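Beneath this line is the structure, given in structure tokens, with notes to follow.
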Amino acid sequence: MVGTYKALWFRIYIIKPTMKPFSPTAFFISSKDCTMPRPHALWLVSVLSVFCAASPLPAQTTALAAVNGTPRLASGHPCTLWDNQDVADCRASFTTNPGLKAAFEELQAWGNKRVAEPLNVPAHKLEADGTWNFPAFKRGYQDASGKWNWEWDFNGKLQQRSEDVSNLGMLYALTGDERYAAFARQILLALADAYGHGQGGTIPDPNGYDHFAAYGFDGGDAGMFLAKACHGYDLIFNLPSFSAGDHTHIERDLIRPMAGHLKKTEFMYTSHGRWGMVCLYGVFVAGVTLNDQALVDLALYGRDGTRDKVTGGFMDCFKPACLRDGVIWGAETKIEEQMAAACVLTTVAEVMWHRGVDLYGYQDTAMKKSFDAALKSDGDGNGDVSKLLALPGIDAYQYAFRRYREPRYLPVVAGLKPGFTLAIGEHLPSLPAATATAK
């Protein structure tokens, strides 16, 4: 136990000589590169404690040595999928990576067009009886057999708006052009208005003031929405024109209550299938974005779980039921769902990396088993790259290559089209180093 702790200490702090010694009782962890408020420090101690207790020294030491790079502590925002170093690396790559530069120029052309268009957030109406409606869309209804029927236009419209926020956030981070961030801010404020948390009848509707749910917006939808909305919000957080009232409205009236409603989705804590992972990520990324320790712990350790007693959540995914030799993802049967679930855990690992924690090396690089297994998924061991490239979540291979430096991953990475799309479990933004190495 002591030896394992020292190994983790060495990897995260001592390897970087500018870091001051770590003290669990300190109010801040500081260096010339980062300042971490006390809640972040306590969160980091909590996660490290789980890692230390879970693996014996030999396995942990071997795993740490196999991972390229050192986790870092993001200071303020951005701090989820991207931090400031990621932004700087991506900007610098445009002069040496034609594919990524072309993808950026395509994104920028879209952004210039988007900021000249209406917000296009679903209009809402509060009826005299307290009912919260979206007049342009139809609510779900039960037929004679009791089956619920939905029209998905409403769902699609909300997902498009959260994708706008994510894309505009990336454009702002990469260009510094405040037009993109200002428009993303307007969309988020309009979405917070539309969500209408706490408004309507004096007696909450069956969904607890989650006014989107009546239109077929369920757990997986909320997870996808929060992944994109939080990513964009994290990237535009420091926009100079962002007022304290704006932040409060977005966090208190949209992100927090949606995550609060989503956390009631019980199956996600222990099922670990694709959609359970998507739901869980929504709670997780909301917790990280809001610096809410309770939400983060819930997503990591499960309902009523702790660092000492994991009952579910993302840390439960490291059991052989999910990650084991020869299997992409044990909790799913279809390869499409398997790869998508593995991609969600990869996204979690990226966010954790910015919190000073290495999930890639955890439990003898257990995550690597998913990527190794997918290469043999055609049944004869040859790994048909064309089939792999059609899978949702396949973008995660570039992240796996960056950390594991596995040459067998290069044909997959080389086949990926550079882009900046974030769709949790389906697509991740391209990495400058991975795409350049593969070409």
Hand me the trypsin sites (Lys or Arg not before Pro) from region 298-380 located in a DSSP loop with no more than 16 other Cβ atoms within 10 Å, in residue order please.
303, 309, 334, 376
Sorted by mean Cβ packing within 10 Å, highest first, what order do the peptides 208-216, 389-397, 92-100, 228-236 take?
228-236, 389-397, 208-216, 92-100
Amide H contacts under 5 Å for residue 427, restricted to residues at least 5 apart in sequence or on another chain and with H modeled in the peptide plane, are 393
What percentage of the solvent-accessible surface of region 237-290, computed with a 1.4 Å probe over protein heavy atoms, is contributed by carbon and sulfur atoms?
57
Report ³J(HN,Hα) in whole Hz for each residue of region 176-191, in order, from the Karplus equation J = 6.51 cos²θ - 1.76 cosθ + 1.60 where θ = phi - 60°; Gly and Pro get x.
x, 6, 5, 4, 5, 5, 5, 6, 4, 4, 4, 5, 4, 5, 5, 5
Solvent-accessible area per residue for region 109-230 at a 1.4 Å probe radius, Å²?
45
With every protein chain left in place, what is the accessible area per residue of region 319-439 in square angstrom, probe 1.4 Å?
34
In whole Hz and in residue order, list the ³J(HN,Hα) couplings for region 279-296 that follow from phi through the Karplus curve 6.51 cos²θ - 1.76 cosθ + 1.60, θ = phi - 60°; x for Gly and Pro.
4, 4, 5, x, 5, 4, 5, 5, x, 5, 4, 8, 6, 9, 4, 5, 5, 4
Keeping the other protein chains in place, figure out the carbon and sulfur percent of the accessible area of region 302-439, with a 1.4 Å probe.
49
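The values are calculated or read from the model by the stated rules, or taken from the named source; none is laboratory data. Predicted, not measured: the structure shown is a model, and the values here were computed from it. FYI the Cβ positions are ideal-geometry reconstructions off the backbone, even for glycines, and counts take in every protein chain you see. These area figures cover heavy atoms from the full protein model, side chains too; ligands, DNA and RNA do not enter into them. Shrake-Rupley method; radii C 1.70, N 1.55, O 1.52, S 1.80 Å.
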